[in-house]
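Where a number appears in this text, it was derived from the coordinates with a stated rule and is not lab data. Not measured: the values here are computed from a predicted model. Positions of Cβ are backbone-derived with ideal geometry, glycine not excepted, and every protein chain shown enters the neighbour counts.
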Amino acid sequence: MVTELKSSPVAGKKFDHFKGLSMVLLGAVLWGVSGTAAQVLFQHDGFDAGWLVCVRMSIAGVLLLAGISMKSGPMRSIAVWKDKRDALRIVLFGIIGLLGVQYSYFASIRYGNAATGTMLQYMGPIFITGYLALRQRRLPSISQCVAVFLALAGALLLVTNGDVRSFSVAPLAVFWGLVSAMTLAFYSLYPQSLLRKYGAATIVGWAMLIGGIGMACITPPWHFTGHSSFGAWWLVCFVVLFGTLIAFYVYMSSLKYISPSEASLLSCGEPLSASIIAVACLHVQMGLPAIIGGLCILVTVAILALNRRKDR
């Protein structure tokens, strides 16, 4: 009996750690699958990327803020607007950060495919590394330099499929993929103080809603184009609920049980799942050089995540 009592806290910690790992993997897989679902909507059903981003962010933002209001009270969800400086920062984060990363990611998928768009987005850590090196006025570590080299080599293999004489991916897909990587870096670095002050759910909820409203000024949700069918609207629901709301919720909840560095490392499941599903279900052709390029980018994320873990 004594042995059981002593071992139970350890077993509980192990279970919580396993639960955290499972949650972040689930979130990463849902993000990857939603990218493939978006590819079907763009290339098969003729949906507009801006329309999907507007609907996705607006609905997810409203649902997330409604959940916060019911759980912690409405005053909790509007606290950020009492400080003018914080209010301006949340608007910038919503437009440049969340809207920027969402639209550029889907635009890359629209002109290319889910695998390429997701892989290029995961070059974001390179921009983070470069920015921090300049800000801290110190050269990147050897592991960071190796990561940058692998990411650049991987991106080259991915977009050329090993033949540098011609791109195997549309130039617009590459352009929007790189924009997605840069906005992902901004999204990761800019809101740190806001997250500590108000909580991730509140900040991301408002940022989603603001980004959705900003996108509505360009592509109103009532200006719908595309082939309307039960299957298409089911995919829209999946992207909004599972690929946005639930994926974010389980990812953020996992941070109660595992460290941010572990969560960042395991988020490699997103590009991996997007690539596997795109190849298996959509018959996207990826040659051996492109596969090697994708693996290089995954290794890049792993190296940078492990490097952050050592620095903590």
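The figures follow:
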| item | result |
| --- | --- |
| Rounded FRET efficiency, nearest 0.05, which uses the C-beta distance separating Lys84 from Leu152 and R0 of 51 Å | 0.80 |
| Distance in nm between pseudo-label sites at Phe18 and Arg138 (7 Å out along the Cβ direction from Cα) | 3.9 |
| Burial ordering of Asp83, Asp45, Asp163, fewest other beta-carbon atoms within 10 Å first | Asp163, Asp83, Asp45 |
| Per-residue Cβ neighbour rank within 10 angstrom, fewest leading, Tyr251, Tyr190 | Tyr190, Tyr251 |
| Using a Förster distance of 35 Å, the FRET efficiency for Arg196-Cys217 (Cβ separation, nearest 0.05) | 0.70 |
| Fewest-first ranking of Met215, Met182, using other Cβ atoms within 10 Å as the exposure measure | Met182, Met215 |
